[in-house]
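Each remark here refers to the structure printed beneath this line.
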Amino acid sequence: MSFISPLFLWYFMPAVLLAVLVCPRSWRNGIVAVGSLLFYTIGAGSWLLLLLGCMVVNFFAGPLLEASPWDLHGKRRKRILIAVIAFDVTMLVIWKYAGFATQQIAAVTHWFGGDFPVAHLVVPIGISFYTFHHISYVVDIYRGERHALRNPVAFAAYIAMFPQLVAGPIVRYREIADQLPQLRSHRLDDIAAGFPRFALGLCKKAIIADSLSPMVEACFATPSDQMTFATAWLGAIGYTLQLFFDFSGYSDMAIGLGRMLGFRLPENFARPYSSVTITEFWRRWHMSLSRWFRDYVYIPLGGNRHGAGHTYRNLCVVFVLTGFWHGAQWTFLVWGCFHGALLVIERAFGLDLQPANRGARIARRALTLVLVVFGWVFFKSADLPHALNMIGHMLLPDFGGLGAAVESALTNQRLVILLAALAVVFLPSHPVTGPLLESSRSRPATALRIGVMTVGLVYAAILVATGTFSPFLYYQF
């Protein structure tokens, strides 16, 4: 079930919010847990059994990972931690990467005249996200940062919470453990604060991202022999904007929903296209994923504590994993390696620090954005030849213009929306719209809330009602 489907907007969400509002406070986690499992079942069907199986293993492992006076050296706990993480990762690898792995083996054996069966598995919805939540849960308990949950309802409310179950934000256990006790008292205030944030995300998705989608698809679907400089750049810039408004819109909706339910979920975006360096970009883009890899991969590998060589190695490992986390395709691996290489270059030459000169900052900001745009071409393309062909046309100007399919998709309305969305690149890097809308009581924030609620929300609802919406891009991950 999608956040922008009529079933969710007009039936599911109001029913859950009404139940949380009118039922006793002690029922909140139960309502969230049951509602979330129903939400997942509607969208994923029998994949609910895999989610429940993973939840059972991690829930019962939690108490065993807490420090024990009779396990002085922690060997038992460490073995349990390794076993549980191995289980979680194995489930992810089997369902998400077995098909890709068997395809590569089959291709190699074919060269030698052999035949190897290819596994055709459907990737369970949200498996990347709930796997990372499970790993965060057991690691934070093992480290002694939080206690294990003894209440299975509270555990289900954390892991399966429908605002963040399918596409994040990735909520580390330490960030939400203190919110799971049901101490919420100001329920109407939470709904009043969270709904404008949810409405903002809906506007981003329905009005901007979905409007750009047909134009972007037309550009990327252009055959290689018909690709031109203008088509390649239009598609790359359009996808850069579409992906931001689609994913940040989802995050705004998730954060707003969480707030209405009484939870404060972590921020996921902070105007990433305003970044002056690639290092800063990853502090602003999909921040919950960056923090997860920092805490559970980069730092355990040694971080930057053992010299430049180890630091560069750790960065490369993190971004290879980041690329493959997004999908079992070579394009995602190249995209991850591309960003990892840029981070290593910045760190090696001291370019990861913001320049003091204003002119240099403007130039670096433009260069960073161009590099990010090139990276998104790999991220979007179906395969490497298509990505390389498109990038080749972006680097070699010609006078070919736009093809007929692209011109047909680029209506006046979409052109206006494209230019309006492009304005996000030129605005100051602060403040970030989402938190401003949710918490600030200033006149600009109040005006923005009124505009979103009275104009944007109505228009977005009309678009949803007419069926002009598409799935969120990060649902595939």
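Tabulated data
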| quantity | calculated |
| --- | --- |
| Residues (among the charged types (D, E, K, R) and under 22 Å from ILE191 (Cβ atoms)) located in the range 433-477 | GLU438, ARG441, ARG449 |
| Hey, LEU65 closer than 26 Å to ALA156 by Cβ, surrounded by 13 or more Cβ atoms within 10 Å (Cβ to Cβ), touching a residue at least 40 places away in the same chain (Cβ under 8 Å) and more than 27 Å from the chain's Cα centre (by Cα) or not | yes |
| Filter result for ARG283 (basic (Lys, Arg) and modelled with pLDDT of 90 or more) | yes |
| Unique match (being farther than 24 Å from ARG271 by Cα and surrounded by 19 or more Cβ atoms within 10 Å (Cβ to Cβ)) among ALA308, ALA387 | ALA387 |
| Residue in the range 76-108 that is modelled with the lowest pLDDT, counting only those that are loosely packed, with under 13 Cβ neighbours inside 10 Å and farther than 27 Å from HIS134 by Cβ | ALA107 |
| Among the candidates PHE12, PHE116, PHE59, residue that is on the phi < 0 side of the Ramachandran plot, assigned to a loop (DSSP other than H, G, I, E, B) and of a type in the set (Phe, Trp, Tyr) | PHE116 |
| Top-ranked residue in the range 264-285 [being crowded, with 19+ Cβ neighbours inside 10 Å and in contact with a Pro (Cβ under 8 Å, 6 or more places away or on another chain); ranked as nearest to VAL372 (Cα to Cα)] | PHE281 |
| Whichever residue in the range 137-166 is surrounded by fewer than 24 Cβ atoms within 10 Å (Cβ to Cβ) and among the small types (Gly, Ala, Ser) and, among such residues, is farthest from GLN182 (Cα to Cα) | GLY144 |
| Any chance VAL425 is touching a residue at least 60 places away in the same chain (Cβ under 8 Å) and hydrophobic (A, V, I, L, M, F, W, C) | yes |
| Yes/no for SER26 being closer than 15 Å to MET253 by Cβ and either of a type outside the set (Val, Ile, Thr) or in a helix (DSSP H, G or I) (or both) | no |
| Hits in the range 192-251 - residues which are among the β-branched types (Val, Ile, Thr) and in a helix (DSSP H, G or I) | ILE207, ILE208, VAL216, THR231, ILE237, THR240 |
| All positions within the range 24-60 that are open to solvent by 60 Å² or more (accessible area, probe 1.4 Å), more than 26 Å from ALA83 (Cβ to Cβ) and among the hydrophobic types (A, V, I, L, M, F, W, C) | TRP27, VAL34, LEU38, ILE42 |
| Total residues in the range 428-447, condition over 25 Å from the mean Cα position of the chain (by Cα) and touching a residue at least 12 places away in the same chain (Cβ under 8 Å) | 0 |
| In the range 122-136, residue surrounded by the fewest Cβ atoms within 10 Å (Cβ to Cβ) [restricted to those that are of a type in the set (A, V, I, L, M) and assigned to a loop (DSSP other than H, G, I, E, B)] | VAL122 |
| Qualifying residue in the range 313-335 (condition: without any contact (Cβ under 8 Å) to a residue 40 or more places away in the chain, surrounded by fewer than 20 Cβ atoms within 10 Å (Cβ to Cβ), in contact with a Phe, Trp or Tyr (Cβ under 8 Å, 6 or more places away or on another chain) and not aliphatic (A, V, I, L, M)) | no |
| Of residues in the range 429-477 being more than 18 Å from PHE198 (Cβ to Cβ) and in contact with a helix residue (DSSP H, G or I) (Cβ under 7 Å, 6 or more places away or on another chain), the one surrounded by the fewest Cβ atoms within 10 Å (Cβ to Cβ) | THR468 |
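The values are calculated or read from the model by the stated rules, or taken from the named source; none is laboratory data. The model shown is predicted, which means the values in this text are computed figures rather than measured ones. Note that each Cβ is placed from the backbone with ideal geometry, even for glycine, and that neighbours are counted across all protein chains shown. These area figures cover heavy atoms from the full protein model, side chains too; ligands, DNA and RNA do not enter into them. Shrake-Rupley method; radii C 1.70, N 1.55, O 1.52, S 1.80 Å.
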